[in-house]
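Novice: Below: one structure in structure tokens.
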Amino acid sequence: MADVIYGITIIVRFFQILIFIRIILSWLPIDTRNNDFVEYVYSITEPILKIFRSILPPIAGLDLSPIIACFAIDLIGNALIRLLII
């Protein structure tokens, strides 16, 4: 049971770190088409962020979807852990 909880925690942190890296990359002048690492980060995070952008589109050019996605991922991870503990 502890291994499953640990696995959920690792997956949640992995996605949160990738979203944070994506935020940092969005500030840098990097060509996303010619960089394998950037393509990897975008290919994993875009499906998640796309869901939240459809709910809350960018406001005055400010995209809040990464913040909401991190919060939602954390909530889902905690809910799964609590279900496993019960």
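The values are calculated or read from the model by the stated rules, or taken from the named source; none is laboratory data. Treat the numbers as computed from the prediction; the structure is a model and nothing was measured. A quick note on method: Cβ atoms are made from the backbone with ideal geometry, for glycine too, and the neighbour counts reach across all protein chains shown.
Novice: Can ILE5 be described as touching a residue at least 40 places away in the same chain (Cβ under 8 Å), part of a helix (DSSP H, G or I) and surrounded by 13 or more Cβ atoms within 10 Å (Cβ to Cβ)?
Specialist: The answer is yes for ILE5.
Novice: Only one of LEU75, LEU25, LEU83 is of a type outside the set (Ser, Thr, Tyr), modelled with pLDDT under 95 and within 17 Å of the chain's Cα centre (by Cα); which?
Specialist: LEU25
Novice: Take the stretch 29-86 and flag every residue that is among the small types (Gly, Ala, Ser) and in contact (Cβ under 8 Å) with a residue 40 or more places away in the chain.
Specialist: Hits for the stretch 29-86 are ALA69, GLY77.
Novice: If ILE30 passes every condition in (1) surrounded by 11 or more Cβ atoms within 10 Å (Cβ to Cβ); (2) assigned to a helix (DSSP H, G or I) but one, which one does it miss?
Specialist: With (1) surrounded by 11 or more Cβ atoms within 10 Å (Cβ to Cβ); (2) assigned to a helix (DSSP H, G or I) applied to ILE30, the lone miss is (2).
Novice: Name the single residue that is modelled with the lowest pLDDT among those in the stretch 37-69 being over 14 Å from the mean Cα position of the chain (by Cα) and not in a helix (DSSP H, G or I).
Specialist: GLY61
Novice: Right, next: Please indicate, with yes or no, whether at least one residue in the stretch 68-81 is touching a Leu at 6+ places or on another chain (Cβ under 7 Å) and surrounded by 13 or more Cβ atoms within 10 Å (Cβ to Cβ).
Specialist: Among the residues of the stretch 68-81, at least one is touching a Leu at 6+ places or on another chain (Cβ under 7 Å) and surrounded by 13 or more Cβ atoms within 10 Å (Cβ to Cβ), which makes the answer yes.
Novice: Are any of the residues in the stretch 6-19 touching a Ser or Thr at 6+ places or on another chain (Cβ under 7 Å) and at pLDDT 90 or above?
Specialist: yes
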